[in-house]
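Asks: Below: one structure in structure tokens.
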Amino acid sequence: MIRSRRVTTAIAAALLIVMGAGSVFLLRRVDQLRTGATLEEVLYISSPKLLKKASLGYSGLLADIYWTRAVQYYGGTFHAGGGRYQLLWPLLNITTELDPHIIPAYQYGATFLAPKPPNGAGTPDKAVELVEYGIKNNPDDWHLYEDLGFIYYSNLKDYAKASEAFLRGSKRPYAHPFLKILAAQMAQHGGELETARTLWTAVYQTSHDKYILANAAAHLRAVQADMDVTELERLAEVYRQRTGRFPVSFAEMNTAGLLRGIPLDPLGNPYKLTSTGHVLLRKPDDLPFVAKGLPPDYLAPRVPKIQPTD
């Protein structure tokens, strides 16, 4: 019995020594990751699971080391003129696998991955993957949804997904109210007019700030005008298909049963119908944020005039 215990103790001690030696070797390999990484360099151990087991419970410390190396690697590569940033994603992936709650690695890591070279790795899809992993492990941190929305907006030009990301973030505890505004702006920018109207209406109904209310009201008018122009031009095309020509006036469309009365914009001004079936705003300066119905040579004022709501 005593001999059996001694054998067990010896085996456990041997395993502990091996694991300790492996951890020391691992940390030395990590320390060898220099900022001047070349395209031929690879991570000696690229498996986060293996690294976590070898860390002997110090995975948080190891994550900090990898995160520090990721920052140094990005900075060194950038100052050397940029490049493919070949090791950036593996370093960030290992960092966040070792410690899923290291928030700066998601926020700054995404800004390293998303931009095109030489400013970044030019892999916005990896930036999205990184931030989504952060959201999965830190679902109540609204900043991550904000970061995700800006990746879709700035790097991928996917305004619908940007709007969705901002909207998801706006529902998290203590989220900044501006996320609702960003969600509405992205939906409007992407042509999702019904979604934009719903979101701007929610902003208008829930805010108590007179400037936010005025901004929401102005966007709601713009959305309505964009929807009006789209529908009127569709009806003008229906008229053309029936008669072989575009209507010369809205009165003709009334006679054809396509309209009732003269259509007015949200401020009460009649729309203008052109001979080519396009519909224009008569006073576009009064409707900032519109995207449709603008004259071909129109130059929007640099600062839209928005009066605060009483």
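Asks: Specify which of the listed residues (Ala114, Ala162) is among the aliphatic types (A, V, I, L, M), out of contact with any strand residue (DSSP E or B) (no Cβ under 6 Å at 6 or more places or on another chain) and within 30 Å of Ala80 (Cβ to Cβ).
Replies: None of the others qualify; the one that does is Ala114.
Asks: Any residue in segment 56-70 that is assigned by TED's automatic domain parsing to the domain that holds Asn119, touching a Ser or Thr at 6+ places or on another chain (Cβ under 7 Å) and among the charged types (D, E, K, R)?
Replies: Scanning segment 56-70, I find no residue that is assigned by TED's automatic domain parsing to the domain that holds Asn119, touching a Ser or Thr at 6+ places or on another chain (Cβ under 7 Å) and among the charged types (D, E, K, R), so the answer is no.
Asks: Over 11 Å from the mean Cα position of the chain (by Cα) and open to solvent by 40 Å² or more (accessible area, probe 1.4 Å): does that describe Glu164?
Replies: For Glu164, the condition - over 11 Å from the mean Cα position of the chain (by Cα) and open to solvent by 40 Å² or more (accessible area, probe 1.4 Å) - is not met.
Asks: Tell me the residue from Leu299, Leu258 that is hydrophobic (A, V, I, L, M, F, W, C), part of a loop (DSSP other than H, G, I, E, B) and modelled with pLDDT under 95, please.
Replies: Result of the check over Leu299, Leu258: Leu299.
The values are calculated or read from the model by the stated rules, or taken from the named source; none is laboratory data. In this text the structure is predicted, and so the values were computed from the model without any measurement. A quick note on method: Cβ atoms are made from the backbone with ideal geometry, for glycine too, and the neighbour counts reach across all protein chains shown. These area figures cover heavy atoms from the full protein model, side chains too; ligands, DNA and RNA do not enter into them. Shrake-Rupley method; radii C 1.70, N 1.55, O 1.52, S 1.80 Å.
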